[in-house]
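Worksheet: one structure, shown below.
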Amino acid sequence: MQLRPLMQAILLQPQLFESLEEPNMVKPPVVYVVGAMRALGLKITDTTASDYLDGMGELPYFPPTVAGWAGGLSWLNTDTALARFNFISTLLQDTKIKDVEGESAAEAYVRAYAAVGSPWLAAATQAKIKRFAAAAPSSTPDTRINRQITLRALILAGPDAQVM
């Protein structure tokens with residue numbers, strides 16, 4: 001068997017380079033859960049992750065068939081997307097977020113983005129999240145903390161967080 005022609009055929013496929021700037025593969029639930037927990041610096045201490053993985057359609061060690069899981073777009077439907085967002089909300093409930101008095105919308109976005117590991121976000125997504133930060137109430141400590149929680153949730157559970 002000749003490896004050179006095989007490797008050339010693989011590496012010269014246009015699909016290999018179709019989206020270098022923008023991810024286009026849906027993250028499997030396990031990848032999504034582990035990535036979110038790592039981004040927040042959390043460890044597995046209870047059954048929360050496995051409880052949500054079941055709702056996302058991928059309970060480890062229990063594939064639906066001997067072939068495993070279908071993957072791809074099958075990971076995203078109304079139920080699984082809701083489970084993904086609820087998982088992030090649950091993680092953020094237990095995160096201690098400090099209030100920063102006088103924090104501007106731009107500063108709030110930068111802090112939230114850094115706090116979740118600075119993941120890839122499309123320019124349009126960044127703009128929308130920044131607009132939310134500017135419109136969100138921020139006159140009290142509670143509203144500033146809620147803005148920070150929501151920014152982190154939008155970054156970790158929004159459409160761009162679903163792909164790799």
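Bear in mind that the values in this text are calculations on the coordinates, not laboratory data. This is a predicted model, so every value here is computed, not measured. Please note: Cβ atoms are built from the backbone with ideal geometry, for glycine as well, and neighbour counts cover all protein chains shown.
As a test of the formula, what do you get for the chain when each DSSP H run with n ≥ 4 contributes -39,500 (n - 2.57) and the sum is divided by the residue count, at 222 nm and rounded to the nearest 500 deg cm²/dmol?
-16500 deg cm²/dmol
May I ask you to list the lysines whose Cα is less than 18 Å away from that of Lys96, ignoring any residue fewer than eight positions away on the same chain? The reachable lysines, counting only those whose Cα sits under 18 Å from Lys96, are Lys43. Distance from the Cα centre of segment 22-53 to that of segment 106-140, in angstrom? If you average the Cα positions of each part, the centres end up 21 Å apart. The HN-Hα couplings worked out from phi for segment 104-116 by the Karplus form 6.51 cos²θ - 1.76 cosθ + 1.60 (θ = phi - 60°) are 6, 4, 5, 5, 5, 4, 4, 5, 5, 4, 5, 5, 10 Hz, whole numbers, x standing for Gly and Pro. Once Rg and Dmax of the Cα atoms in Å is calculated for the structure shown, the corresponding label among (1) 18.8, 69; (2) 20.1, 71; (3) 15.8, 44 turns out to be (1).
Would you please name the GluC sites (Glu not before Pro) within segment 71-112 that are DSSP coil residues with at most 13 other C-beta atoms within 10 Å of their C-beta? Walk me through the intermediate numbers first.
On the way: sites: Glu101, Glu103, Glu107; in loops: Glu101, Glu103.
Here the sparse-neighbourhood loop sites are Glu101.
The string of couplings for segment 79-90 from the Karplus curve (6.51, -1.76, 1.60, θ = phi - 60°) is 6, 5, 5, 5, 4, 5, 5, 5, 4, 4, 4, 5 Hz, one whole number per residue in order, with x for Gly and Pro.
Net charge of the neighbourhood of Ala112, taken over other residues with C-beta under 10 Å away and scored Lys/Arg +1, Asp/Glu -1, is +2. In this label model, Thr90 and Arg4 are separated by 5.4 nm, measuring between points 7 Å along each Cα→Cβ vector. The C-alpha atoms of the chain define a longest principal axis, and helix 123-135 lies at about 20 degrees to it. Amide H to amide H, with H built 1.01 Å from N, Val163 comes under 5 Å of Lys27, counting only residues 5 or more places away or on other chains. For the chain, modelled as a GNM whose springs connect Cα atoms under 10 angstrom apart, the maximal fluctuation among Ala115, Ala135, Ala105 occurs at Ala135. The HN-Hα couplings worked out from phi for segment 36-51 by the Karplus form 6.51 cos²θ - 1.76 cosθ + 1.60 (θ = phi - 60°) are 5, 5, 5, 4, 8, x, 9, 10, 6, 10, 7, 8, 3, 4, 5, 4 Hz, whole numbers, x standing for Gly and Pro.
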